[in-house]
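The structure appears right after this line, and notes come after that.
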Amino acid sequence: MSDHTASLERWAQGLDHELDFWHDWLRDKGDLWPDDYRRRTDPSSELEPHLRDLIPAPPGAHVRIVDVGSGPLTTVGKLWPGRRVTIIAVDPLADRYRELYERLSLRPPVMPIEGEAERLNELLPAASFDLACAFNSLDHSHDPLLAIQQMLRLVKPGRSVLLDHVVNEGERMQYAGLHQWNFRTDNGRFVIWRPGETIDAHGLLSELTEVSTEPLTEGRWLRVVLRRRP
């Protein structure tokens, strides 16, 4: 069995664990994170300032954002005064989330569509988004580098991909469920790794993009911005 096939099988086995987590989170309205739940379910929540900063959009513009690995409720704010915002949320469990919505009488402001991050080219047209983002999700994918490359394909030239992830979460979670990979920086360079495999994502992606990294919350989170070259 190839390493990729084994990785894909482990990822598929972790999907039920992920669904169980979201069922409990939705049932308990965010559990330990009620503010997060309220924001995600609020159709009048505004687009976050750090996301606006990545989108050159004059008043009257139509802004298109894709949230990859969104979970059942995208974290992206829904409104930007003076602009029209369209959010496409993509998640491999989207069809199964619909069962949770019905069971819990929940109607999400943005209904996710089913799809894998590694196969976005089969789902959405190239160069059609002003921003692609992923929040603590791509390190749960079976091929995170390919997923990032697929996200870069979706954004218009000169636009950005934003990745916000917990540093080394796979290691912290002992590779349970979907936690197969880790994101970190080495001397400011973006690295994807797991035991026995290290990927210099910074170097591989820099030919087509401008890569920047920023530690968040005292280094517990990592923000990576990849700006597609014009």
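Within 14 Å, Cβ to Cβ, of Gly203, how many net charges do the neighbouring residues add up to if Lys/Arg are +1 and Asp/Glu are -1? Show your work: numbers first, answer last.
On the way: positive: Arg189; negative: Asp186, Asp200, Glu207, Glu210.
So the environment of Gly203 carries a net charge of -3.
What is the distance in Å between the Cα centres of region 142-219 and region 67-94?
20
Tell me the relative contact order for region 72-230 as a rounded percent, counting alpha carbon contacts under 8 Å between residues six or more apart. Can you show the working numbers first?
On the way: 288 pairs, mean separation 28.0, N = 159.
RCO, region 72-230: 18 percent.
Provide the net charge surrounding Pro59, with neighbours chosen by a C-beta distance below 14 Å and charges set as Lys +1, Arg +1, Asp -1, Glu -1. If you can, show how the numbers build up before the last one.
Numbers: positive: Arg52, Arg83, Arg84; negative: none.
Around Pro59, the surrounding residues sum to +3.
Counting only heavy atoms of the protein chains, get the accessible area per residue of the chain (1.4 Å probe) and round it to a whole Å² value.
On the way: 11190 Å² over 230 residues.
For the chain, the per-residue accessible area is 49 Å².
I'd like the carbon and sulfur percentage of the solvent accessible area for region 82-131, probe radius 1.4 Å, heavy atoms only, ligands and nucleic acids excluded. Mind dumping the intermediate values first?
Numbers: 1080 of 2520 Å².
Exposed carbon and sulfur together represent 43 percent of the surface.
The values are calculated or read from the model by the stated rules, or taken from the named source; none is laboratory data. Here the structure is a predicted model, which is why all the values come from computation and not from measurement. All Cβ positions, glycine included, derive from the backbone under ideal geometry; neighbour counts span all protein chains shown. Just the protein is used for accessible areas: all its heavy atoms, side chains included, with ligands, DNA and RNA removed. Shrake-Rupley method; radii C 1.70, N 1.55, O 1.52, S 1.80 Å.
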